[in-house]
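Worksheet for the structure shown next.
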């Protein structure tokens, strides 16, 4: 008998939460017209043409399907070259019911695939994420997690939205390497969330049943009854159900509440919905109210209409919807009490109306993976006295004391961690329950303005367990590592756009209309912007007269010495080692914002150096300096999107300098040598 009881307990535990794996949704498999499309190339000589579908070149392993799609990365192509679905797939990419997108790929090298989703039908931001491949010359499945923040602004996840257009990039961030590269892809599918169903009440046993107490009618204070199922058919063949009576005379708010409350609370820890099977003899509605929150949330009520008469159907109430009653918030956390209203808002009809309900469950996609993020905050440069340091943000409702840090070594380095799901969060370091907080200007790399535009906070992108590098209070970087770069832009000779002037481009300064809007608050025609960056920062950049996302309003530096013809005629900022002011004029190479030529104008000097061993196949390239380059020089190597890879200083006595390139990934790099007001940039291909 003891063994039987143990077995029964085990079965009940297993049934307490049932996980259902739903079917995948095929977006494209290229086997039939309804699941096929072509993709239109951009960013290369193939621009405007479309790709091909063809017979699977390697029907083996995980992909023995007949037809696949072909991608060509031309010998000459931009780092952002790719292609987009045209026309868009018949089946949109639904990331409400699904959390991941899978794609089968076949590549002849180790690289990466980036998936971008555009054209959201419900307000989602464009989203792009990169996944590396791990196999060569065989099919493998790459999975893109929609809960991850996009790698492009505004850095939001795609989960919860639906998208029309699919954009693919093979080896995003790498330019053409001189040879056409052919890859294949197939079977783009939306991967469903594992559906977790948690039973609350099924009225089959005392542990899974309860009574409901009537209110708002002459039945006030009496209880509902559990009876044999009057119509054991369709979706409900269970033995017991609850009988509900709407009396002939009843208030519009008449209903019944659980008494006692269910043993299992209604818990929306990971979102989801409450579903109830109902049996009604007329078309009406059922309202569900949840009370007794254990997490401080207000009561929540929603209403759903029934669609079937004299048969069982399941009605589901979405916790993400705002309540019908003040304060109109969505449901969250756990609730103890269930309240039901049949025909909510309708008074008694003069005749008792009998309905039945059964199988109250919570359906959710399961608890999201929780990630641990560790912080180390250096407070040594902060002078005022303080006692406690906290991490306050959107993950703890901006609490001033919810996530305290400690200084275990008494060295001014405060440490701690938070546990959160994947996503994008805003936060600050705060002191003594908000007696003081960090202050930012909005142009820092690690910050973002909140949606209201009133506050500038740190931005935290969580995609896995993370140990954040130690940073200084009020800075994105370690103490002593920050420099401030002040841009001053004269606009003599142009009419500034009424919407503003922007610093943009270079892979570091967002698109026109983005984060780096310049200011001319004194209306003197000189626009200014201060950008904090880490010491050694270097980048291409440009200025735009207006918020043109297509860069049609950028300055034209074609043929001018300050425009780099190898990088869209953008300007180049050599490595910055201290606080620096860069003054110039829109569309010109002046070194002052008054637009008057000066002796310090940067001059492009092709004689400054030559680059030997290019392309670099030996792991080493040599810079040979010209006879007229006797002074100290700075050498900066950047990748194809303007990120600094290496920085060196060299003496004026050096006739050459060896670049170690063995650790570089394959791709295009730019080597810039600056000596005084002279500079030159050459391309290096690895």
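How would you classify region 140-276 from its alpha-carbon gyration tensor, with a ≥ b ≥ c the square roots of the eigenvalues: rounded for a/c under 1.5, else prolate if a/b is greater than b/c, otherwise oblate?
Judged from the Cα gyration tensor, region 140-276 comes out prolate (a/c at least 1.5, a/b above b/c).
Could you calculate the contour length gain from residue 248 to residue 233, that is, 0.36 nm times the residue separation minus the distance between their Cα atoms, to one decimal place in nm?
Computed gain between residue 248 and residue 233 is 2.5 nm.
What number results when the radius of gyration of region 21-193, computed over Cα atoms, is divided by 2.2 N^0.38 Å?
Computed over Cα atoms of region 21-193, the ratio equals 0.96.
By its C-alpha gyration tensor, with a ≥ b ≥ c as the square roots of the eigenvalues, how is region 481-603 shaped: rounded for a/c under 1.5, else prolate for a/b larger than b/c, else oblate?
rounded
Subtract the Cα-Cα distance of residue 50 and residue 131 from 0.36 nm times their separation in residues, and report this length gain in nm to one decimal.
26.8 nm
Per q in 0.08, 0.10, 0.11 1/Å, what log10 I(q)/I(0) does a Debye calculation on the alpha-carbon atoms of the chain return?
Values returned for q = 0.08, 0.10, 0.11 Å⁻¹ are -0.82, -1.13, -1.26.
Quick one: order 418, 27 by neighbouring beta-carbon count within 10 Å, fewest to most.
Fewest-to-most ranking of 418, 27: 418, 27.
Roughly how many nanometres apart are two label points built 7 Å out from the Cα toward the Cβ at residue 436 and residue 346?
Spacing of the two 7 Å Cα→Cβ label points: 6.4 nm.
May I ask for the Kirkwood hydrodynamic radius of region 382-472, worked out over all distinct Cα pairs and given in angstroms to one decimal?
Across region 382-472, the inverse of the average 1/r is 14.0 Å.
Measuring from centroid to centroid over Cα atoms, what is the spacing of region 32-51 and region 630-686 in Å?
The two parts, judged by their Cα centres, are 38 Å apart.
For a quick check: sort 139, 300 by the number of other beta carbons within 10 angstrom, fewest at the front.
139, 300
Report Rg (one decimal) and Dmax (nearest whole number) for region 196-364, counting Cα atoms only, units Å.
When restricted to the Cα atoms of region 196-364, Rg and Dmax are 14.9, 43 Å.
Given the Cα atoms of region 357-434, and with Rh set as the inverse mean 1/r over their pairs in the Kirkwood sense, what is Rg to Rh to two decimals?
Expressed as Rg/Rh, it is 1.18.
Taking the chain as the reference, fit the longest principal axis to its C-alpha atoms, fit the long axis of helix 2-15 to the helix C-alpha atoms, and give the angle between the two in degrees, 0 to 90, nearest 10.
Approximately 60 degrees, to the nearest ten.
I'd like the distance separating the alpha-carbon centroids of region 190-265 and region 86-130, in whole Å.
42
At a 10 Å Cβ-Cβ cut-off, how would you order 470, 682, 533, fewest neighbours first?
470, 682, 533
Between residue 522 and residue 450, what's the calculated FRET efficiency when r is the beta-carbon distance and R0 is 25 Å? Round to 0.05.
The value I calculate is 0.35.
For residue 624 and residue 486, calculate 0.36 nm times their separation in residues minus their Cα-Cα distance, and state this gained length in nm to one decimal.
The residue 624-residue 486 span can extend by a further 46.4 nm.
Cα centroid distance between region 342-396 and region 542-582, in Å?
Result: 46 Å between the Cα centres.
Apply 1/(1 + (r/R0)^6) to the Cβ-Cβ distance of residue 35 and residue 143, taking R0 = 25 Å, and write down the FRET efficiency to the nearest 0.05.
Approximately 0.80, to the nearest 0.05.
Read-outs throughout are calculated quantities, based only on the coordinates presented, and are distinct from any laboratory measurement. As the structure is a computational prediction, the values presented were derived from the model and not from experiment. A quick note on method: Cβ atoms are made from the backbone with ideal geometry, for glycine too, and the neighbour counts reach across all protein chains shown.
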